[in-house]
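The values are calculated or read from the model by the stated rules, or taken from the named source; none is laboratory data. Computed from a predicted model, the values in this text were never measured in an experiment. With ideal geometry, Cβ positions are generated from the backbone for all residues, glycine too; neighbour counts draw on all protein chains shown.
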Number of protein chains: 2
Amino acid sequence: MVGVRQFDEDEVIATALDVFWRKGLHDATMQDLAAATGVQRGSLYNAYGDKEAIFLRAFDQYAGQFLEAAGHALAHADTTIALRNFFDMIIVNMTDGSPARGCLTTRTALDAAISSTEVRQRVRDVLGRLEQLIGRTLSAAPGRRRAADADRLARVIVTFTRGLAVMERAGYSRKQLKGSAATFVDAVMGT
Amino acid sequence: MVGVRQFDEDEVIATALDVFWRKGLHDATMQDLAAATGVQRGSLYNAYGDKEAIFLRAFDQYAGQFLEAAGHALAHADTTIALRNFFDMIIVNMTDGSPARGCLTTRTALDAAISSTEVRQRVRDVLGRLEQLIGRTLSAAPGRRRAADADRLARVIVTFTRGLAVMERAGYSRKQLKGSAATFVDAVMGT
DNA sequence: ATCATTCTTGACATGATTGTCAATCTTGAC
DNA sequence: GTCAAGATTGACAATCATGTCAAGAATGAT
């Protein structure tokens with residue numbers, strides 16, 4: 001192959017993810033991406049087409065990492081402990097960095113009105129898979145609930161995680177978020 | 001007073017609220033506001049200063065309406081029924097219109113990173129007052145829980161409402177949202 | 001009826017962002 | 001070493017949004 005790419009694609013996408021995570025799809029500019037990656041705007045257009053294409057790649061990377069981390073956190077025989085781990089992971093994920101980056105999925109979901117079908121679909125995919133992950137965890141607990149109940153509850157839990165992401169943006173601290181999550185888990189698990 | 005304003009201020013703010021609700025603070029342009037209100041851009045600048053000033057007025061109107069409706073929905077002796085009414089109100093509020101407008105507070109909260117201190121403060125105020133409203137409702141229930149527990153639970157409930165707003169943006173239907181809210185209320189009230 | 005004040009209007013300057021392109025450079029393949 | 005495919009670069013055109021301003025219009029007070 002002749003005329004070889006001068007930059008590492010994985011590295012560029014990882015850096016782009018960081019930019020999108022901090023600024024959001026809408027607010028991050030090609031200028032920002034060029035500055036952060038050290039790759040010129042023109043080269044990015046040549047390599048990916050447009051901003052959304054870069055976003056989709058970055059988001060896929062993010063979604064992969066996120067769901068893997070969620071699966072790992074939920075992998076505990078005791079459902080209550082699994083949920084606590086899960087919420088710890090979620091909250092750290094959104095309060096990390098300075099300033100905190102928040103939750104990329106939630107931010108992207110809120111831009112729904114101005115996003116493309118593909119972007120919206122990605123968001124739905126992540127939330128759907130997260131629901132499944134949690135539903136399976138709940139179902140797997142020793143004969144405690146029927147599958148339909150587990151699915152319903154899983155959706156409630158996913159919804160609550162989205163709420164935490166909003167509260168983080170509204171200025172609630174990591175400690176406050178953890179407090180709410182603990183109260184939620186206690187209430188839901190009937191402790 | 002000489003040189004009298006040619007438009008009805010309340011009407012303009014109400015129309016501006018509609019525009020901001022549909023498009024968000026960031027995405028609504030002065031052009032949009034001018035077109036919707038029938039007042040020229042220049043006149044709006046003259047009357048209010050800038051877009052954010054208009055937004056703050058519109059948001060205050062929205063917050064007033066919203067909190068009043070919430071207070072009304074929560075005004076029921078049976079806490080469980082009060083919460084069901086409350087969630088019904090919340091969900092109708094965000095799924096109303098076509099396309100649905102979503103929740104303005106949540107959308108605004110997500111723009112936190114690019115908003116002014118004043119806008120952020122407004123969002124915090126609304127959420128704080130909502131927490132208080134719910135906390136009082138929970139405390140007022142016949143000797144069921146201590147004030148501290150009520151406050152903690154109130155915050156969880158507010159967080160869950162934010163989650164519903166995100167799920168709405170992600171494409172969940174009114175019916176699905178109502179289903180989740182019902183499951184949530186049942187779980188939290190220990191039914 | 002006149003006047004001073006305030007509003008209205010349309011034009012203007014500015015800056016940001018997107019996307020395109022031709023010229024130039026690089027480099028693997030032969 | 002030469003070559004052609006593909007990458008890079010900087011400039012360019014086109015939009016769009018914000019905010020400002022001077023000129024003109026409207027009107028309550030006198």
TODO: Scan the range A:34-76 residue by residue and report those that are farther than 13 Å from A:ILE134 by Cα and either touching a Cys at 6+ places or on another chain (Cβ under 7 Å) or small (Gly, Ala, Ser) (or both).
DONE: A:ALA34, A:ALA35, A:ALA36, A:GLY38, A:GLY42, A:SER43, A:ALA47, A:GLY49, A:ALA53, A:ALA58, A:ALA63, A:GLY64
Task: In the range A:166-181, the residues that are of a type in the set (A, V, I, L, M, F, W, C), at the interface with chain B (Cβ under 7 Å from one of its Cβ atoms) and in a helix (DSSP H, G or I) - done: A:VAL166, A:MET167
Task: For B:SER98: the one exception among (1) in a loop (DSSP other than H, G, I, E, B); (2) modelled with pLDDT of 95 or more - done: (2)
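When the residues of the range B:103-112 are filtered to those that are within 7 Å of another protein chain (Cβ to nearest Cβ) and of a type in the set (A, V, I, L, M), which remaining residue is surrounded by the fewest Cβ atoms within 10 Å (Cβ to Cβ)? Give the steps one after another, and end with the answer.
Kept after step one, since they are within 7 Å of another protein chain (Cβ to nearest Cβ), are these residues of the range B:103-112: B:106-107, B:109-110, B:112.
If we keep only those that are of a type in the set (A, V, I, L, M) too, we end up with B:109-110, B:112.
Details: B:ALA109: 29, B:LEU110: 30, B:ALA112: 19.
That would be B:ALA112.
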- [ ] Could you list, in sequence order, all residues of the range B:1-51 that are within 10 Å of DNA strand C (Cβ to nearest atom) and among the small types (Gly, Ala, Ser)?
- [x] B:GLY3, B:ALA34, B:GLY38, B:GLY42, B:SER43, B:ALA47
- [ ] Please find, within the range B:131-153, the residue that is nearest to B:HIS26 (Cα to Cα) out of those that are in contact (Cβ under 8 Å) with a residue 24 or more places away in the chain and within 11 Å of another protein chain (Cβ to nearest Cβ).
- [x] B:GLU131
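Say we look at the range B:19-39 and pick out the residues that are surrounded by fewer than 15 Cβ atoms within 10 Å (Cβ to Cβ) and more than 9 Å from DNA strand D (Cβ to nearest atom); which of these is nearest to the other protein chains (Cβ to nearest Cβ)? Show your work before the answer.
Residues of the range B:19-39 surrounded by fewer than 15 Cβ atoms within 10 Å (Cβ to Cβ): B:29, B:31, B:35, B:38.
Next, from what is left, pick out any that are more than 9 Å from DNA strand D (Cβ to nearest atom): B:35, B:38.
On the way: B:ALA35: 18, B:GLY38: 24 Å.
Here the answer is B:ALA35.
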Task: Residue count, the range A:39-85 (criterion: within 30 Å of A:ASP186 (Cα to Cα), assigned to a helix (DSSP H, G or I) and free of Cβ contacts under 8 Å to residues at least 60 places away in the same chain) - done: 10
